[in-house]
Amino acid sequence: MLSSLIEHFDAPEGCLGLFGWLCGYSADADFLDEAATRFTGQNASSRALQGRLALALMLDRHNRQITTVPGVAHLPVLPDAPFNLLHAKVALLGFRKEDDPEDWCLRLLVSTGNWTRQTLEQSLDLIWRLDLTRNEINGEDCADIRAAWNFFKELQKYCQTSLVTRAEWSGHENLKTFQEWIDACARNAKGHPRFFDNRKKSLLDQLVEKIAHGSKIRRNYLALGSGFYETVSEDKNVMEVPGRILEKLQDGKLLTKNPEMDLFVNEKSCQGVAAAFADLRARGFTIRPPHQPESFGKGCRRDLHAKFLFSAREMENNNHCTNPWVYLGSGNLTLPGFTRGMKGYNLEAGVVFSPGNNIYWYKEEAPEDACVVSELLPLQWYNEIKDSECLQAGEGSPPKGEDFAAPPLAWLRWQVSEDGGQWLTSEEELPPELEELQAQDQGVWQPYQEEKKGFIWKGPQPCQVLLHWKSAGREAKALIPVLDQYGRVAARELAPLDLAGVWGELADFPRPPAEEESELEELDNEQDSWGQNDHAPEDKPGGPLHSDRATPIREMMELLENIAERQTSLPKGDWKMWCQCLEPTLCRCGGSEPVRYFREELKLNPLYPLYQAPFRPDFAACSASEESQFYEECLHRIEKNWKVEGLAPLGGNNAPEAREEKV
């Protein structure tokens, strides 16, 4: 059993995180940085250098823009979205096997908690997780993946997703691969999904149908829990939602006429429960505080934030919990959270499932290592709140923050013209209602140039740019990422490498190179200013090559042989990613002594052997193949970077001295 929400972002053994979609009401940089580190296996420094998107995040528009987490794209909600609040908390994550890019795992998370540090440290929340692998496909799990993807697909219509879906960022093919896995699940989906949302109907209106697909047996116990309850008017101290849930279950023949019922609340903040205490007790509800799991620490108390329903059949003198079902999700037990559809209210999502019949009520009487209800849900039956004076309504919903408005451009691309001019250009059309658009360059606002579709840029290449715009008389600002010549998104500057450092960067592909601890500490100190054109830490030699023991020719030959040995053994599914790693890495050593020696002393192009068939895999050996063309285009750009384009080829008839030296 995992003790923390963040642990669900860990890759399965032998796997790497490829790409994932998340949505939620709120998130913060601390949580997302840890989640991205666990998901990709790369710390923030490595992700900032790589500049590849790993997680696409959609949050309620009132969450402040998050720009300081490398590899995570915060996509704003558009102003015409049909919901008032994006409240659903769902993640769909894709992992691939390290040694086989065709072998995958999809993970679906449905959470009651937000993607925040506060959730990890202070809240009592729940999460439902499904892992589905290529080799263990089954119809019901596939139905859940398909239902969740349909939810995400529609949500994307209401958010500015073009950075992820349209921009040609490094690793963009990961998105296509992820979609292929989703499509495979959709083709194999059978039965009724446990995942559901309120895009068309409220969670309450779908509840009975979801439960009945598992079992239509009447249960005699019902527990309700929520971090937030509806408020009630002073002249009518009645709560609607618990009563409506009770009636729905009884009308659907899923609950007995006189069941035992518990309502779990935060004593210091239970909204309308405090006022409706007498009415709830009269209807048969016992009011209780939540169970505090021992895993949080002895004496530690957390605020109940989980939203859940639990029902089962209890038999006299029997500790066995029979025919249980559970709802958990984002929907609080309020009118907009549980009894309304999305339009004009909240967008909510949840899951209804059966945890199986091998579950027991009390740990003391259960078999060793058995599943116990109170260890799976925050339930307890020892403490009861018998007096309304012990309850406080609390402060209610926190005030909403300022909107994160969708900028007129989602990203810009860095370009240098032949005359040395520097530009940040746009590949998107500006909205017609836009009145003004500027970008800040070294503290000075630069206007958008219509004829160039971008901004003249005086300063060094930025990672992110602050946009200021005006539309319908309203002014707004937002940071947007810059894509460099390698397609890296908001990436840190690439520091020069020697040839030993080059192989250190490539040797563990597809895993990223190991980062020094000092680099991580340095990034932590700079985290607040990430994206302001910071320089990457100095790279450490990571390969077997050392200039103090090898001639420039020997160093180059060893590097070429290492590259050839690695890339000829790569599977086809890794080829494009390999090329996208190879190009920027080799370009980082364009100023090294071996490259200078070949360029200026030998006047040879040392990259020529990499064009030859023995140095590349069979699927990229034919010049007509897509893989071959992509590879050769990368090599050509490296030649231009090294300034060896047009020089005599290494290994040709005019270069005997280079051929004769043995490695």
Just to verify a result, which residue in region 317-340, among those that are surrounded by fewer than 20 Cβ atoms within 10 Å (Cβ to Cβ) and in contact with a helix residue (DSSP H, G or I) (Cβ under 8 Å, 6 or more places away or on another chain), is nearest to W381 (Cα to Cα)?
N319
So, restricting to strands (runs of 3 or more DSSP E) that lie completely within region 212-295, which ones have at least 1 residues that are surrounded by fewer than 20 Cβ atoms within 10 Å (Cβ to Cβ) and among the charged types (D, E, K, R)?
255-264
Whichever residue in region 93-103 is touching a residue at least 60 places away in the same chain (Cβ under 8 Å) and surrounded by fewer than 23 Cβ atoms within 10 Å (Cβ to Cβ) and, among such residues, is nearest to L376 (Cα to Cα)
K97
Given the options R52, R64, R38, R47, name the one that is over 22 Å from L479 (Cβ atoms) and of a type in the set (K, R).
R38
Just checking, how many residues over region 90-118 are at pLDDT below 95 and polar (S, T, N, Q)?
1
Those residues of region 63-79 which are buried (at least 19 other Cβ atoms within 10 Å of the Cβ), part of a loop (DSSP other than H, G, I, E, B) and either among the aliphatic types (A, V, I, L, M) or in contact with a Cys (Cβ under 9 Å, 6 or more places away or on another chain) (or both), in sequence order
I66, V69, P76
Collect the residues in region 537-565 that are under 11 Å from L506 (Cα atoms), touching a Phe, Trp or Tyr at 6+ places or on another chain (Cβ under 7 Å) and at pLDDT 90 or above, keeping them in residue-number order.
L559, N562
How many of the residues making up region 304-318 are on the phi < 0 side of the Ramachandran plot and part of a loop (DSSP other than H, G, I, E, B)?
6
Testing S46 on (1) more than 25 Å from T112 (Cα to Cα); (2) buried (at least 24 other Cβ atoms within 10 Å of the Cβ), one condition comes back false. Which one is that?
(2)
I'd like to check something: does region 421-434 contain any residue that is of a type in the set (A, V, I, L, M), touching a Ser or Thr at 6+ places or on another chain (Cβ under 8 Å) and without any contact (Cβ under 8 Å) to a residue 60 or more places away in the chain?
yes
Residue among R599, R566 that is within 25 Å of E493 (Cβ to Cβ) and either part of a helix (DSSP H, G or I) or of a type in the set (D, E, K, R) (or both):
R599
Looking only at strands (runs of 3 or more DSSP E) that lie completely in region 402-443, which have at least 2 residues being exposed (fewer than 14 other Cβ atoms within 10 Å of the Cβ) and over 31 Å from the mean Cα position of the chain (by Cα)?
434-441
Can you find a residue in region 338-351 that is under 26 Å from the mean Cα position of the chain (by Cα) and polar (S, T, N, Q)?
yes
Could you tell me whether region 354-364 includes any residue that is out of contact with any Gly (no Cβ under 9 Å at 6 or more places or on another chain), part of a loop (DSSP other than H, G, I, E, B), within 30 Å of R474 (Cα to Cα) and not charged (D, E, K, R)?
no
Just name the residue that is modelled with the lowest pLDDT out of those in region 28-52 that are of a type in the set (A, V, I, L, M) and touching a helix residue (DSSP H, G or I) at 6+ places or on another chain (Cβ under 6 Å).
A44
Let me confirm something: among E384, E428, E395, E375, which residue is assigned by TED's automatic domain parsing to the domain that holds G454 and either of a type in the set (D, E, K, R) or at pLDDT below 85 (or both)?
E428
Residue check, V416 at pLDDT 85 or above and in contact with a Cys (Cβ under 8 Å, 6 or more places away or on another chain)
no
Hey, among the residues in region 138-155 that are out of contact with any strand residue (DSSP E or B) (no Cβ under 6 Å at 6 or more places or on another chain) and small (G, A, S), which one's surrounded by the fewest Cβ atoms within 10 Å (Cβ to Cβ)?
G139
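One line per residue, one yes/no per condition, for (1) at pLDDT 95 or above; (2) touching a strand residue (DSSP E or B) at 6+ places or on another chain (Cβ under 7 Å):
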residue: H172; (1), (2): no, no
residue: F195; (1), (2): yes, yes
residue: K201; (1), (2): yes, no
residue: N220; (1), (2): yes, yes
residue: D235; (1), (2): no, no
residue: D251; (1), (2): yes, no
Identify the single condition in (1) modelled with pLDDT under 90; (2) under 30 Å from R313 (Cα atoms) that E433 does not satisfy, given that it satisfies every other one.
(2)
Those residues of region 153-192 that are acidic (D, E) and closer than 18 Å to G94 by Cα come to a total of 3
(1) assigned to a loop (DSSP other than H, G, I, E, B); (2) under 17 Å from G227 (Cβ atoms): which one isn't true of R340, the others all being true?
(2)
Restricting attention to region 372-393, report how many residues are touching a strand residue (DSSP E or B) at 6+ places or on another chain (Cβ under 7 Å) and crowded, with 18+ Cβ neighbours inside 10 Å.
6
Leading residue by the ranking (modelled with the lowest pLDDT) among those in region 449-475 that are in contact with a Ser or Thr (Cβ under 8 Å, 6 or more places away or on another chain) and assigned to a loop (DSSP other than H, G, I, E, B)
K452
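The values are calculated or read from the model by the stated rules, or taken from the named source; none is laboratory data. Owing to the predicted nature of the structure, the values given are computational and were not obtained by experimental measurement. Don't worry about glycine lacking a Cβ; one is built from the backbone with ideal geometry, like all the others, and counts go over all protein chains shown.
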